[in-house]
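The structure under discussion appears below in the form of structure tokens.
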Amino acid sequence: MTTSGVPDRTAPATTARTVAQAKINLFLRVLAREASGYHQLETLFCRLELGDDVVVRTDVRNRSLDASGDVIPPAGLGPVDRNLAWRAAEAFAKATGWPNAWAIEIRKRIPVGGGLGGGSADAGAVLRCLNAISPAPLPTHALLALAASLGADVPFLSMDEPVALGWGRGERLLPVPVLPARAVVLACFPFGVSTPDAYRWLDDARDSFSPEAAVLELDRLGSWARIAQLAHNDFEAVVAPRFAAIATTLNEWRSHIDRIGDPEGIALLAGSGATVFLLSDRVPSALHDAPEPSPRIVRTSTATRVVAVEVSD
Ligand code: C5P
């Protein structure tokens with residue numbers, strides 16, 4: 001506002017908001033382990049409609065992060081400066097010299113520690129928000145490089161594309177044609193699976209890694225029936241045997257897909273777990289085998305667009 005009370009349209013925007021949409025991996029292969037300990041990946045990322053509301057304000061004096069929502073575990077989200085959304089703002093400020101201060105507000109809906117990329121989606125949303133109101137926005141490749149320094153899921157979750165093939169450590173991305181929206185059911189367990197542990201279990205299960213030759217055909221990625229034939233997650237082999245509730249849920253939903261003969265049905269572990277997801281046009285009303293502990297069932301759908309960043313002063 002100017003002193004006359006008339007909004008000053010030339011003033012830069014200081015607030016940006018968006019929805020940090022979760023992701024699932026429609027296939028996920030863990031390839032060779034690098035000397036650094038990281039693993040090469042090959043994955044098809046897909047955004048969901050389910051997301052956290054993220055607001056970033058820069059007309060403030062201090063740095064703060066406020067997260068709310070009943071998906072937050074009783075122990076909280078841990079120290080604020082270890083939160084990926086905070087680290088994203090810090091990385092942006094370090095790379096560009098702006099901003100000095102921020103207030104990040106996150107209304108969480110994505111289950112925490114479930115393999116749905118919630119923390120990474122928040123980080124991606126903070127990067128997109130800051131870039132939208134920055135006096136000197138970064139070009140896309142520089143923003144994605146910053147995102148890659150924060151984790152394997154963050155580059156995809158900093159992009160405006162709802163579906164992409166990802167490889168390398170997740171920082172090499174090829175957007176693929178948007179797929180029609182499909183209903184998704186999530187079985188969200190009251191426990192998480194540690195991602196570093198899951199990679200370690202895979203390493204222990206494989207003394208060496210010899211990749212099978214594979215050709216990924218782009219036109220196979222444009223149809224749900226063809227993606228259903230490619231659906232796979234390497235983590236299931238080491239995660240499902242350790243968590244009976246995950247194995248039971250995967251079995252039940254795969255039997256459902258077989259029973260109804262759904263050629264587009266997909267039931268997979270989300271990332272390294274613990275969430276299990278089902279894509280099916282005829283969704284069962286409940287889990288009959290009652291896995292223990294029982295999951296919270298969340299219904300959403302795949303996204304056909306990434307929610308834009310809205311800016312205001
Ligand atoms: O990327 P994110 O922060 O989720 O990774 C958590 C941990 O998982 C890493 O510290 C590493 O131990 C392991 N990881 C890996 N290879 C990747 C991604 C993650 O070994 N491509």
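The values are calculated or read from the model by the stated rules, or taken from the named source; none is laboratory data. Everything quoted here is computed from the prediction, not taken from an experiment. Here Cβ is always computed from backbone atoms with ideal geometry, including for glycine, and neighbour counts include all displayed protein chains. Side chains are part of the model used for accessible areas, which takes the heavy atoms of the whole protein and leaves out ligands, DNA and RNA. Shrake-Rupley method; radii C 1.70, N 1.55, O 1.52, S 1.80 Å.
The table below lists the values:
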| quantity | calculated |
| --- | --- |
| Ala286 being under 26 Å from Ala121 (Cβ atoms) and not assigned by TED's automatic domain parsing to the domain that holds Ala164 | no |
| Whichever residue in segment 258-275 is free of Cβ contacts under 8 Å to residues at least 40 places away in the same chain and acidic (Asp, Glu) and, among such residues, is most open to solvent (accessible area, probe 1.4 Å) | Asp258 |
| Count - residues of segment 190-204 that are in a helix (DSSP H, G or I) and open to solvent by less than 70 Å² (accessible area, probe 1.4 Å) | 7 |
| Segment 127-173: number of residues that are free of Cβ contacts under 8 Å to residues at least 12 places away in the same chain and assigned to a strand (DSSP E or B) | 1 |
| Subset of segment 286-306 [touching a Pro at 6+ places or on another chain (Cβ under 8 Å) and either under 14 Å from Ala187 (Cα atoms) or modelled with pLDDT under 95 (or both)] | Leu287, Pro293, Pro295, Arg296, Val298 |
| Residue tally, condition charged (D, E, K, R), open to solvent by 70 Å² or more (accessible area, probe 1.4 Å) and more than 10 Å from the ligand (Cβ to nearest atom), over segment 162-189 | 1 |
| Residue that is out of contact with any Cys (no Cβ under 8 Å at 6 or more places or on another chain) and more than 30 Å from Asp207 (Cβ to Cβ), where the choices are Arg254, Arg226, Arg242 | Arg226 |
| Scope segment 75-85; condition touching a residue at least 24 places away in the same chain (Cβ under 8 Å) and touching a Leu at 6+ places or on another chain (Cβ under 8 Å); matching residues | Asn83, Leu84, Ala85 |
| Arg109 basic (Lys, Arg), more than 16 Å from the ligand (Cβ to nearest atom) and touching a residue at least 40 places away in the same chain (Cβ under 8 Å) | yes |
| Yes/no for Leu150 being away from the ligand (no atom under 11 Å from the Cβ) and in the same structural domain as Val19 (by TED's automatic domain parsing) | no |
| Exclusive hit being more than 16 Å from the ligand (Cβ to nearest atom), within 30 Å of Pro12 (Cβ to Cβ), in contact (Cβ under 8 Å) with a residue 40 or more places away in the chain and not in a helix (DSSP H, G or I), set Val283, Val307, Val298 | Val307 |
| One residue from Ala132, Ala125 being more than 15 Å from Ile24 (Cα to Cα) and crowded, with 21+ Cβ neighbours inside 10 Å | Ala125 |
| Pick from segment 78-106, criterion at pLDDT below 95 and away from the ligand (no atom under 15 Å from the Cβ), ranking: surrounded by the fewest Cβ atoms within 10 Å (Cβ to Cβ) | Pro79 |
| Unique match (being over 28 Å from Leu127 (Cα atoms), touching a strand residue (DSSP E or B) at 6+ places or on another chain (Cβ under 6 Å) and of a type in the set (Gly, Ala, Ser)) among Ala228, Ala244 | Ala228 |
| Segment 28-43: number of residues that are surrounded by fewer than 14 Cβ atoms within 10 Å (Cβ to Cβ) and more than 7 Å from the ligand (Cβ to nearest atom) | 4 |
| Inter-residue pairs, beta-carbon under 7 Å, first over 15 Å from Ala270 (Cα atoms) and in segment 174-199, second within 16 Å of the ligand (Cβ to nearest atom), 6+ apart | Leu174/Ala164; Leu174/Leu165; Pro175/Ala164; Val176/Ala164; Val176/Leu165 |
| Matching residues, segment 231-257, being more than 20 Å from the chain's Cα centre (by Cα), open to solvent by 20 Å² or more (accessible area, probe 1.4 Å), of a type outside the set (Phe, Trp, Tyr) and over 17 Å from Val185 (Cα atoms) | Ala237, Pro241, Arg242, Ala244 |
